[in-house]
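First up is the structure itself, then whatever we jot down about it.
FYI, it's all coordinate maths here, none of it is from the lab. Source: prediction; values computed, not measured. For neighbour counting, all protein chains shown are included, and Cβ atoms are generated from backbone atoms with ideal geometry for every residue, glycine included.
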Amino acid sequence: MRHVGLITGAAAAALVAAGAITYAVAEDHGSTAATPLAGSADAGFARDMAVHHQQAVEMSYIVRDRTEDPEVRRLAYDIAQTQANQRGMLLGWLDLWGLPKVSADAPMTWMGMGDMASGKDGSLMPGMATNTEMKKLGTLDGKQAEVFYLQLMTDHHKGGIHMAEGCVSACTVGVEKRLAQGMVDAQQSEIALMADMLKARGAQARS
């Protein structure tokens, strides 16, 4: 419970800082670099992570309706609010740069991994749940829903961390790189928390 409280505080801080980060990107990119190109790592990360985050938001709201456990519900709420906010920033930056929010290129092409994102059963990028898994989550209740959500979200975070690390290495807009590093740090912390929550429920991560 104490750990979830810390996550809650971190999520609140992220929401408060969001406006500053959104506005800062204009000055940051305008003063140090040209507008990113449509095929750049900056644009690719913004597009792909927006899609990745959207599924995490959907997954989190599903489990909030499938359990009464306060610990899982708080974690799900924090993830949903934080990632919905970050998604808004990523899409806002694409608007700022005058770039499209969708691309004909396969997801993760900007990382040189376009051939890995098959899109099979709705899993467009590593870590994303399939359509079948999302439907299954919506049929479970109580402890079963909690365990499956924590397993799915652990996988989701691992895939998200991999992408965010790619942006830290390859993106050129400073504030976007800093946001990506923040995602890495927060999601690694949440993975550790979810491991403890799974253990308390007699389960463990899937991989």
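General remarks:
- ³J(HN,Hα) computed for each position of the stretch 138-148 - Karplus, 6.51 cos²θ - 1.76 cosθ + 1.60, integer Hz, glycine/proline x: x, 9, 8, 9, x, 4, 5, 5, 4, 4, 5
- Vicinal HN-Hα couplings computed from phi for the stretch 152-163 (Karplus, 6.51 cos²θ - 1.76 cosθ + 1.60; Hz; Gly/Pro x): 4, 6, 4, 4, 4, 5, 4, x, x, 4, 4, 5
- Relative contact order of the stretch 87-185, defined on C-alpha pairs under 8 angstrom at six or more residues apart (%): 16 percent
- Unit charges at the beta carbon, dipole of the stretch 92-168: most positive-side option, ILE161, GLY138, GLY98: GLY138
- Nearest-0.05 FRET efficiency for SER169 and LEU96, computed from C-beta distance (R0 25 Å): 0.65
- Quotient of Cα Rg and 2.2 N^0.38 Å for the stretch 165-204, N being how many residues it contains: 1.59
- Net charge of neighbours whose Cβ lies under 12 Å from the Cβ of LYS101, counting Lys and Arg as +1 and Asp and Glu as -1: 0
- Phi-based couplings in Hz for the stretch 44-55 (Karplus 6.51, -1.76, 1.60; Gly and Pro marked x): x, 5, 4, 5, 5, 5, 4, 5, 4, 5, 4, 5
- Model label zone, ALA104; criterion: amide N under 16 Å from point 7 Å along Cα-to-beta-carbon; scope the stretch 32-52: 38-40
- Placing unit charges on the Cβ atoms only, positive for Lys and Arg and negative for Asp and Glu, gives the stretch 82-207 a dipole magnitude near 220 debye about its Cα centre.
- Sum of side-chain charges, MET153 neighbourhood, beta-carbon under 12 Å (Lys, Arg +1; Asp, Glu -1): -4
- The stretch 126-193, dipole about Cα centre (Lys/Arg Cβ +1, Asp/Glu Cβ -1), debye to the nearest 20: 80 debye
- Summing charges over neighbours of HIS53, with a neighbour being any other residue whose Cβ is under 15 Å away from its Cβ, gives -2 when K and R count +1 and D and E count -1.
- Cα-based reach from LYS120 at 26 Å (exclusive), listing lysines while leaving out same-chain residues under 8 positions away: LYS101, LYS135, LYS136, LYS158
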